Amino acid sequence: MMQIDIISVVPDLLQGPFSHSILKRAHDKGLVNIDVHNLRDYAYNKHKSVDDYQYGGGSGMVMMIEPFAACIESLQEKRSYDEIIFMTPDGVTLNQSISNELSLRQSFIILCGHYKGIDQRIRDHFVTREISIGDYVLSGGELAAAVLADSVVRLIPGVLSDETSALSDSFQDGMLSAPVYTRPAEFRGMKVPDILLSGNTPEIEKWRFEQSILRTQERRPDLMK
Ligand code: ADE
């Protein structure tokens, strides 16, 4: 079973995403366990501080190293981790191949930052990988951690059924997926392409492949090699 530990100052933000749909199913099937830890429980002083002014001056608080160190080390007493990931807009941009790679790991910790950032020494000393979910800034790493966990967990063998197989996902083969349709065959004059109603599987596969190429050329020419 994959173990994901997430360290956050707003653990409540992470309750929703993991108690629904595919993530919940993966948990119920015993394929993943996700634990969210409140960084404040590891604050070392009586004020329960997890952040402080930055050295050298400047606006914005910086998250302190001690609470992160205490939390990470207490987790490491129970098991060793394959990765300690820090969610940050200056990390490597997440893509399907990173998610594929992480879906083969046994265990990892995800650190969520807030405020101006986290003390650089946490990154230098503990973090093995820094991931961004895109070129925009969120108010904290929690939503990014949820995005990462979702994209990784659904790839664990056994999480998706055949019908929802990740093999036909956009990006899985480096291309966008073909359009999909369901009943009715006609809605306000808009028809489902005849080929999809033909029952001719080889022709349907060919059509999907062509559509997939067209879509990728149109929308994401950068993916075409
Ligand atoms: N934290 C704040 N913004 C983020 C982003 N774009 N990706 C990952 N973590 C973040």
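Compute the signed sum of charges (Lys and Arg +1, Asp and Glu -1) over the other residues within less than 14 Å, Cβ to Cβ, of Glu210. Write out the running numbers ahead of the final one.
On the way: positive: Lys206, Arg208, Arg215; negative: Glu203, Glu205, Glu218.
Net charge around Glu210: 0.
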So, in Å, what gap is there between the alpha-carbon centers of region 72-107 and region 209-225?
30 Å
Please list, ordered by chain and number, the residues whose modelled amide H lies under 5 Å from the amide H of Gly113; skip anything fewer than 5 residues away on the same chain.
Met87, Gly141
Globularity index of the chain, i.e. its alpha-carbon radius of gyration over 2.2 N^0.38 Å:
1.25
List every residue whose amide H lies under 5 Å from the amide H of Asn33, counting only residues 5 or more places away in sequence or on a different chain, with H placed 1.01 Å from N in the peptide plane.
Met2, Gln3, Ile4
Just list whichever of Lys191/Lys225; Lys24/Lys206; Lys48/Lys116; Lys29/Lys116; Lys24/Lys46 have alpha carbons separated by over 27 Å in the model shown.
Lys191/Lys225; Lys24/Lys206; Lys29/Lys116; Lys24/Lys46
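Could you check what % of the DSSP bridge pairs in the chain are antiparallel, to the nearest 5?
Details: 5 of 29 bridges.
Antiparallel: roughly 15 percent of the beta bridges in the chain.
Only the coordinates and a few stated rules stand behind these numbers; no lab work does. Just so we're clear, the structure is a prediction, and the values are computed from it rather than from any experiment. Cβ: placed from backbone, ideal geometry, glycine included. Neighbour counts: every protein chain shown.
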